[in-house]
Amino acid sequence: MNRIIFIIFILIFSINLQSKVKALNIIEVADGVFVHQGEHFDVDDTYQGDIANIGFIIGTNSVAVIDSGGSTAVGMSLKASIREKTSLPIKFVINTHVHLDHIYGNSAFMEKDVEFIGHSELPRAMKLRKELYQRLNLEYLNIPIEKSIQVPPSIFIKVNESKIFDLGERKIKISAYPSAHTNNDITIEDLKTGTLWAGDLLFIERTPVVDGDIHGIINVINQLISLDVNLVIPGHGTPTKNWRKAFEKHRNYFITLRDGVRKAISEDIGLQKAIETVAQSESKKWELFDTQNARNVNQVYPQLEWE
């Protein structure tokens, strides 16, 4: 009964948004694979809920949504974009990880036959971050707390597990990883076109972020580089066919970060000074470097202190 009431609430909320909905700018990067590229804004600066790459895959029977954006409004715009391309039912909404710019559009897709898919650790991560994300959505997007709605997965992918889902003459492979960018990262591979949605296990142009484990993200990148795919869609930045070079650049940043933090610790350089000095050789290679690199040092320093 509670679920029925919740769905009715979402439908009413969605109807109220319909008159304001505009479809997103969508690019077909491979046959039946569509991406909306988010802008390079920081969550703490000019955040508008539309900074992540989101999109969808169309099979002959159904559609899978890959990440849904940072708000119900962005999710509704994504749904409008889908309806410009196909009338097929949306079967799956897949979240690559917990960060708020990837999950809060889920509420736009709350319909009877839609299944939500994510890492087995995603529901716990959502709960742990819920209050923080509500505050951020209120502060930056002016979304009242009661309308900052989380929709957790109903289908789970466990660590080191892969599952195949069929959209109709198009199978997608979803794989879950140990702690890396977060502790709840998954990738989605469209087997028909050889397209990999990497989520935030790959950043292009924008400074990468580690919110999980520095060793884990380097290990997972090493694993992803060995894949046999044609195109990779990053969580942020431009989809690329030169994806091995992109992963190598991504990995090199984290190796530089890790080694720099280790050196700072060994030389008794405190956290604040480390934030100012570590990985500065990478500063010209990435957008939003100062803010993101400082966060990364702050995340990694305590981890490596206890090696």
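Couple of notes before you dig in:
- Looking only at the stretch 61-104, residues that are open to solvent by 10 Å² or more (accessible area, probe 1.4 Å), closer than 19 Å to ILE188 by Cα, in contact with a Ser or Thr (Cβ under 9 Å, 6 or more places away or on another chain) and assigned to a loop (DSSP other than H, G, I, E, B) come to 1 in all.
- Residue ID - surrounded by the fewest Cβ atoms within 10 Å (Cβ to Cβ), chosen from residues in the stretch 105-154 that are within 22 Å of PHE92 (Cβ to Cβ), touching a Pro at 6+ places or on another chain (Cβ under 9 Å) and among the hydrophobic types (A, V, I, L, M, F, W, C): VAL114
- Note on the stretch 271-307: among residues that are part of a loop (DSSP other than H, G, I, E, B) and hydrophobic (A, V, I, L, M, F, W, C), the one that is modelled with the lowest pLDDT is TRP306.
- Tallying residues that are surrounded by fewer than 22 Cβ atoms within 10 Å (Cβ to Cβ) and either in contact with a Cys (Cβ under 7 Å, 6 or more places away or on another chain) or among the small types (Gly, Ala, Ser) (or both) within the stretch 185-211 yields 1.
- Listed by first and then second residue, the pairs with beta-carbon distance under 6 Å, at least 6 apart or on different chains, first residue in the stretch 121-140 and more than 14 Å from ILE103 (Cα to Cα), second aromatic (Phe, Trp, Tyr) and open to solvent by less than 80 Å² (accessible area, probe 1.4 Å), are TYR140/TYR47.
Conditions tested, residue by residue: (1) outside any strand (DSSP E or B); (2) out of contact with any Pro (no Cβ under 8 Å at 6 or more places or on another chain); (3) within 27 Å of LYS127 (Cα to Cα); (4) not charged (D, E, K, R).
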residue	(1), (2), (3), (4)
GLU169	yes, yes, no, no
ILE172	no, yes, no, yes
SER179	yes, yes, yes, yes
THR187	no, yes, yes, yes
LEU196	no, yes, no, yes
LEU202	no, no, yes, yes
ASP211	yes, yes, yes, no
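- LYS273 surrounded by fewer than 17 Cβ atoms within 10 Å (Cβ to Cβ), within 23 Å of ILE225 (Cα to Cα) and charged (D, E, K, R): no
- The residue pairs whose first member lies in the stretch 141-159 and is farther than 23 Å from VAL114 by Cα, whose second member is modelled with pLDDT of 95 or more and part of a strand (DSSP E or B), and whose beta carbons are closer than 8 Å, counting only pairs six or more residues apart or on different chains, are VAL159/HIS119; VAL159/ALA176.
- Residue, most open to solvent (accessible area, probe 1.4 Å), within the stretch 261-270, restricted to residues that are assigned to a helix (DSSP H, G or I) and farther than 21 Å from ARG206 by Cβ: LYS263
The values are calculated or read from the model by the stated rules, or taken from the named source; none is laboratory data. Everything numeric in this text was worked out from a predicted model, so none of it was measured. Neighbour counts are summed over all protein chains in view; Cβ atoms, including those assigned to glycine, are modelled from backbone coordinates with ideal geometry. Ligands, DNA and RNA are excluded from the accessible area calculation, which covers all protein heavy atoms including side chains. Shrake-Rupley method; radii C 1.70, N 1.55, O 1.52, S 1.80 Å.
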